[in-house]
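Worksheet: the structure to be examined is printed underneath.
The values are calculated or read from the model by the stated rules, or taken from the named source; none is laboratory data. Since we're looking at a predicted model, the values are computed, not measured. Positions of Cβ are backbone-derived with ideal geometry, glycine not excepted, and every protein chain shown enters the neighbour counts.
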């Protein structure tokens, strides 16, 4: 989903919803009990289908088919962009200001949440007009979550952050630094639960106490982190936060949305003195795997805009989609 950099950065689509109802085939009857037979359980859309859906929603923006764009969004859809967290109505209003002339996709990644929800992430390079004015080509890292609502797959979350080159690794100290021993995971970490805000605060408390073993224990094996400088798996994410000083970060503006009965998204602002004046927007999707809530996706690095400025986009466009 694309939006405006000041009315942008989004691109489009995590979320306080209820679990989708069981699908039933009402066209036939059960000869034994004279009741409608239950359809086989739905399965997560394939990677090819998820990519096609994401490209299609960008195409609706390119063709200015805003009705079709809206029909591809969940009612509780959220779009996280630099100027704020948009609901469905704001996302639709925002894309009407965006006229993409070309969009090139790359670096696709596919991550199932459960049988009724999936995540896709990718890099998008696009150019076009915002509010009638040409803007320079933009390159962003984007992620979207799609969910099955009564048999229809719709976008429920979208976030973008500007692509930046990987950060230079700090030079190794001449004198080896003695690692700080992490306290016992069990002794310092309560089990995450159904409240994604509490889960997220727990994670940041672990950052501040440098308890990276406990942090790793809260992540799903297939965890994915998206930042301006790269896309990281679980091991890469744990390594990255171990080089970060989180002691002065302040979290605010929490918003949550339920993706389904076993997945929820939380989005918020993280601010730190050395950061941009208004901080960054971060989002995490938490999932219930075999009775244990774990972090599955984290998307950070979306700068908070001080005021509408340069054009950007949101949701998912595509003039020339490649």
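Overview of results
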quantity	calculated
Residue match in region 220-229 (condition: loosely packed, with under 13 Cβ neighbours inside 10 Å, under 30 Å from residue 165 (Cβ atoms), outside the structural domain of residue 109 (by TED's automatic domain parsing) and modelled with pLDDT of 95 or more)	yes
Among the residues listed as 238, 203, 257, the single one being modelled with pLDDT of 95 or more and part of a strand (DSSP E or B)	257
Some residue of region 151-163 being at pLDDT below 95 and exposed (fewer than 13 other Cβ atoms within 10 Å of the Cβ)	yes
Any chance residue 273 is over 19 Å from the mean Cα position of the chain (by Cα), modelled with pLDDT under 95 and surrounded by 23 or more Cβ atoms within 10 Å (Cβ to Cβ)	no
Failed item, numbered, when residue 266 is tested on (1) more than 30 Å from residue 151 (Cα to Cα); (2) in contact with a helix residue (DSSP H, G or I) (Cβ under 9 Å, 6 or more places away or on another chain); (3) assigned to a strand (DSSP E or B)	(1)
Region 175-196 - residue that is surrounded by 16 or more Cβ atoms within 10 Å (Cβ to Cβ) and within 24 Å of the chain's Cα centre (by Cα) and, of those, modelled with the highest pLDDT	196
